[in-house]
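Here is the structure we will look at, set down as structure tokens.
Just so you know, all these numbers are worked out from the coordinates, no wet-lab data involved. Nothing here was measured: the structure is a model prediction, and the numbers come from that model. Here the Cβ is made from the backbone with ideal geometry for all residues, glycine too, and neighbour counts use every protein chain on show.
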Amino acid sequence: MKPGRLEQLGQIQIVDLEIAATFYGEESLPHPFTWVKPGQFSTLNEYRDYARSVPDRLGHGDLNLLQTWFDTYRRSDIRVECYVNAIDPEGLGAQILAHRLGDSGYLATQTPGENEIDIFAVSPYELADAIVSRIELTKPGRHPEISVPGMAELFPEEPPNRPHSIRENLELDAVPVVSVSVDEIAVFSLIQSNWRPARFWGFDREKSLVAWGTRKGDGDYISVPSLSGEAKPMDRSDLIGRINRLIAEDIVAVREARGQ
């Protein structure tokens, strides 16, 4: 895969992914994918009849792409999950999952409002770039820093014994902080990297997150790493950099776990 390139491989259906996940012993769909509208079956028997056909189609039929993608996802070295919640009706949400296994990389995006997932091949070293390419950003916010009281409740609880940042030990000039109501947030997003197999559907409360959002009539902001509620103006490179930091932390963890 050439750097900076997305190669569309095809599309899979949520129903097929759910059945495949069950067949392989998984308890849920890969996060952050989910059903967004009723399925195509009118009775349980119709669903069961359809489900019986899926295992054979995975290995020998039209679901070969699903088989390849899901198998590499389950064995992935690194995966990155991104959920963009469009709080404002005019905003554009997104459910994105990127993963890498060896020299292979994949990006999966759920079609907004549909039970369909587009699959792309990407460079395994450019997962962050690929994810951000599928997100609708606006422009960096106008204020040096904002605070969103109440927004911290959306974050997972902070892991114990988190190292203090260097900034906490420095005396810096005060930066004017603008207090922002949750009602002013049009889009809110969480992104997380992980190297361990998924244990449940959702974000892992014990791992670091990147949180960012769009303020109505203003622009995009990214939360400080401590997730304390403060956020700074963000552009595309800022978001890519923060995601790459999460991935780098997991690469170190993978190597340590493998004794490398």
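Taking Cα centroids, how far is segment 224-254 from segment 13-49 in Å? Using only Cα atoms, the two centres lie 32 Å from each other. Over the C-alpha trace of the chain, radius of gyration and Dmax come out as 19.7, 67 angstrom. Please arrange D118, D129, D56 by counting, for each residue, the other beta carbons lying within 10 Å of its beta carbon, fewest first. Starting with the residue having the fewest Cβ neighbours, the order is D56, D118, D129. Annotation: for a label point projected 7 angstrom from Cα along Cα→Cβ of V254, residues of segment 8-46 with backbone N closer than 20 Å are 30-32. Is it possible to state the helix-based mean residue ellipticity at 222 nm for the chain, with each DSSP H run of 4+ residues giving -39500 (n - 2.57), the sum divided by total residues, to the nearest 500 deg cm²/dmol? What is it? Helices in the chain give a 222 nm mean residue ellipticity of -8000 deg cm²/dmol. In this simple spin-label model, placing a label point 7 Å from the Cα along the Cα-to-Cβ direction at both D235 and L137 gives a separation of 0.9 nm. Database remark: amide H of V180 closer than 5 angstrom to the amide H of S147, V148 (H placed geometrically; neighbours at sequence offset of 5 or more, or on other chains; Pro and chain starts carry no H). A Cβ-based charge dipole, computed about the Cα centre of the chain with Lys and Arg at +1 and Asp and Glu at -1, lands at about 540 debye.
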